[in-house]
Amino acid sequence: AIMSPPHSVTTAAVQQTTKLAQNQMPPKMTPKDYVFGKVIGEGSFSTVYLAMDIHTNKEYAIKVCDKRHIMREKKAKYIKREKEVLHILSSCVKPTAPFFVKLYCTFQDVDRLYFVLSYAKNGELLPHINKVGSFDITCTRFYAGEVLLALEHLHSLGIIHRDLKPENILLDDKMHILITDFGSAKIVSEETEQTNTGEPQARRRNSFVGTAQYVSPELLTDKYASKSADLWALGCLMYQMVAGLPPFRARSEYLIFKKILELDYVFPDGFDQSARDLVEKCLVLEPSKRLGAADVSGYPSIRSHNFFAGLDFESLHKQTPPQIY
Ligand code: ADE
């Protein structure tokens, strides 16, 4: 269904031609260069549309943010952060880092900001887990492996995601992961990393950044997050893929936080032994004691865990993902 597109600026074509002729620069796109289709995602200050480039017929996901809403809610910092992170990831020296949504271009009109992103045809990971109840070990190993590779890459660039969850892990047309939503991300310098003395992170009055169920204990107590906050989230994700539900569940956010701080969770009967061992080594209250936290480059200690035995990490993004049953 074609919905009414966001309003666009005028004289776009004229501006473009002039710019190209004068500077030999790639032309700035405008909303008129796309046909906007259905809504495929909604955030608190953005809406994501499926859109087609009218020149190439290629599909994109365009994230549209309302400027007034962003200013009113004082979210400019988070939008800037997201653009900065996406830019770092999208302009990577490697032939484009797989496993991340790519930012193709940005533009704006009077009222809105537009982020043109890769379209993940198979949507969020969460409904795929929910549809089958839980993943088998082959599927869990594959997707946990892709997320681990993604985290190795992200962390090597000094980026902490801080809101990793199955809603932010999208699946492309071939069922490989594309991590998205860098609005809560943090870019750390090497010094900040060692001393942990940066600004208290992303915790605003009575609303924290991140999602209750996957939030790490240190973000709740110290407001500081390091790379190992993402390793905690990886543990939560693995648990959810195997068990079908996240490890820390309760009726309210407050009760979830209480359980997280007390490490109050159990494994259901039949939970795979090696998956359990790895989850237990990620869900450790002290961030520096999580598996991988002491690794210098990449996460060899996680890669070499029994749970991943037999998985060829180097070729993961070229493999055909296992069928989800
Ligand atoms: N929902 C939010 N972002 C998306 C994307 N890039 N592709 C598909 N669905 C999305």
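We did not get these values from a lab; they are worked out from the coordinates using the rules stated. In this text, all values refer to a predicted model and were calculated from it rather than measured experimentally. So basically every Cβ, Gly included, is an ideal-geometry build from the backbone, and we count neighbours across all protein chains shown.
Provide Rg and Dmax in Å for region 79-148, with only Cα atoms included in the calculation.
15.8, 50
Compute the Cα gyration tensor for region 233-318, then decide on rounded, prolate or oblate, letting a ≥ b ≥ c be the square roots of its eigenvalues: rounded whenever a/c is under 1.5, prolate when a/b is larger than b/c in the other cases, and oblate in all that remain.
Numbers: a/c = 2.23, a/b = 1.55, b/c = 1.44.
The shape class here is prolate.
Suppose R0 equals 30 Å; then what is the FRET efficiency for residue 58 and residue 110 from their Cβ-Cβ distance, rounded to the nearest 0.05? The partial results should precede the final answer.
Values: r = 27 Å, r/R0 = 0.89.
Step by step, r from the Cβ atoms, then E = 0.65.
Quick one: what are the phi-derived ³J(HN,Hα) couplings along region 222-229, Karplus 6.51/-1.76/1.60 with θ = phi - 60°, whole Hz, x for glycine and proline?
Whole-Hz 3J(HN,Hα) from phi for region 222-229: 9, 6, 9, 10, 10, 4, 6, 4.
Over its Cα atoms, what ratio of radius of gyration to 2.2 N^0.38 Å does region 36-142 give? Walk me through the intermediate numbers first.
Values: Rg = 16.0 Å, N = 107, 2.2 N^0.38 = 13.0 Å.
In units of the globular-protein estimate, region 36-142 measures up at 1.23.
Name the GluC sites (Glu not before Pro) in region 204-306 that are in a loop by DSSP and that have at most 15 other C-beta atoms within 10 Å, would you?
Values: sites: 218, 253, 262, 280; in loops: 262.
Loop-located and lightly packed - 262.
With each label point set 7 Å from Cα along the Cα-Cβ vector, what nm distance links residue 297 and residue 223?
So the label points at residue 297 and residue 223 sit 3.6 nm apart.
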